[in-house]
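Below is one structure, written out as structure tokens; comments come after it.
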Amino acid sequence: MRVRLTQSAEHAADLVAHEILTQLRAKPNLVLGLATGSTPIGVYTRLVDAYQSGAASFAKVHTFNLDEYLDLPASHHQSYRFFMQRHLFDAIDIPAAHIHFPPSEGQNLLRRCQQYETEIEDLGGLDIQLLGIGSNGHIGFNEPTSSLRSRTRIKTLTPKTRQDNARFYASDETQPTLAATMGIGTILGARTILLQAFGQKKAEAIRATVEGPVSSYCPASALQLHEDVTLFLDSEAASRLSMQDYYLQTQMHEEQLRREDRM
Ligand code: GLP
């Protein structure tokens with residue numbers, strides 16, 4: 001697990017966008033796993049800028065979103081589909097048929113969740129999975145106690161998650177209690193995982209993710225089992241890590257070896 005202590009959320013977004021755009025240049029038909037929430041917005045802004053300045057094209061890219069609320073139509077202002085259209089898809093050249101979401105409406109949800117897995121596999125797997133993290137350590141909507149090998153399925157949201165997201169709903173709106181989400185096993189199948197976390201309210205989840213044991217009680221701790229995962233943290237999110245000096249030193253060594261062209 002690579003821990004990047006960044007100067008700010010803006011700096012983290014620069015680094016993550018740079019990594020995605022570098023991989024996109026090498027592989028124009030990149031398969032991207034995408035996340036929602038306030039955390040990845042800076043990355044999406046930079047991807048849109050890259051497209052609009054002619055530096056990148058998403059015409060051959062396929063995207064798979066991590067999760068979606070059950071029964072919120074794409075037109076609902078709190079649906080993740082709505083969020084993605086607004087922050088990314090409407091502003092780039094990705095064909096509509098290349099945009100994938102886990103099934104969140106209609107019948108046969110479990111069978112269609114399995115199909116979602118097959119669609120990912122048929123395109124050769126996720127090249128990059130972008131992640132945020134919930135204050136309870138969830139990734140996607142894999143809530144505490146989610147199986148570490150889980151695949152795309154329907155999950156019940158915890159009271160903590162609903163409370164964290166309650167601010168987005170008007171008092172007369174019903175907040176969803178269920179969501180379709182990629183599983184932890186699905187996420188671990190991505191070749192590269194980039195997780196961003198900002199602010200004090202993520203500090204405990206980040207401590208448990210990086211320095212705690214692998215446990216389904218902190219779903220993000222399963223990332224310790226992945227061979228290419230980088231966490232991009234601002235100083236508040238990193239504030240409860242006990243080995244910050246070591247992470248900085250590791251980062252310095254890696255940069256030095258790269259500069260010397262030895263990596
Ligand atoms: C939701 C999403 C997660 C996201 C989390 C954190 O619960 N399902 O994918 O990481 O929110 O959101 P934010 O980035 O707004 O803190």
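Every residue in segment 157-177 that is modelled with pLDDT of 90 or more and of a type in the set (A, V, I, L, M), please.
LEU157, the sole residue that qualifies.
Which is free of Cβ contacts under 8 Å to residues at least 12 places away in the same chain, away from the ligand (no atom under 16 Å from the Cβ) and under 23 Å from ILE193 (Cα atoms), of ALA26, ALA56, ALA96, ALA74?
Values: ALA56 fails: free of Cβ contacts under 8 Å to residues at least 12 places away in the same chain; ALA96 fails: under 23 Å from ILE193 (Cα atoms); ALA74 fails: under 23 Å from ILE193 (Cα atoms).
Result: ALA26 is the single residue among ALA26, ALA56, ALA96, ALA74 that is free of Cβ contacts under 8 Å to residues at least 12 places away in the same chain, away from the ligand (no atom under 16 Å from the Cβ) and under 23 Å from ILE193 (Cα atoms).
Going residue by residue through segment 43-50, is there one that turns out to be free of Cβ contacts under 8 Å to residues at least 12 places away in the same chain and outside any loop (DSSP other than H, G, I, E, B)?
Checked against the condition, which is being free of Cβ contacts under 8 Å to residues at least 12 places away in the same chain and outside any loop (DSSP other than H, G, I, E, B), segment 43-50 yields at least one hit.
For ASP71, indicate whether it is farther than 28 Å from GLN249 by Cβ, acidic (Asp, Glu) and surrounded by fewer than 17 Cβ atoms within 10 Å (Cβ to Cβ).
yes
Would you mind finding the one in GLN196, GLN249, GLN244, GLN200 that is crowded, with 17+ Cβ neighbours inside 10 Å, closer than 19 Å to GLN7 by Cα and either more than 22 Å from the chain's Cα centre (by Cα) or within 15 Å of the ligand (Cβ to nearest atom) (or both)?
GLN196
Which residues, taken from segment 144-164, are under 17 Å from the mean Cα position of the chain (by Cα) and near the ligand (Cβ under 9 Å from one of its atoms)?
Selection gives THR161 alone.
The values are calculated or read from the model by the stated rules, or taken from the named source; none is laboratory data. Just so it is clear, the structure is predicted and the values come from calculations on it, not from any experiment. Glycine also receives a Cβ, built like all others from the backbone with ideal geometry; neighbour counts cover every protein chain displayed.
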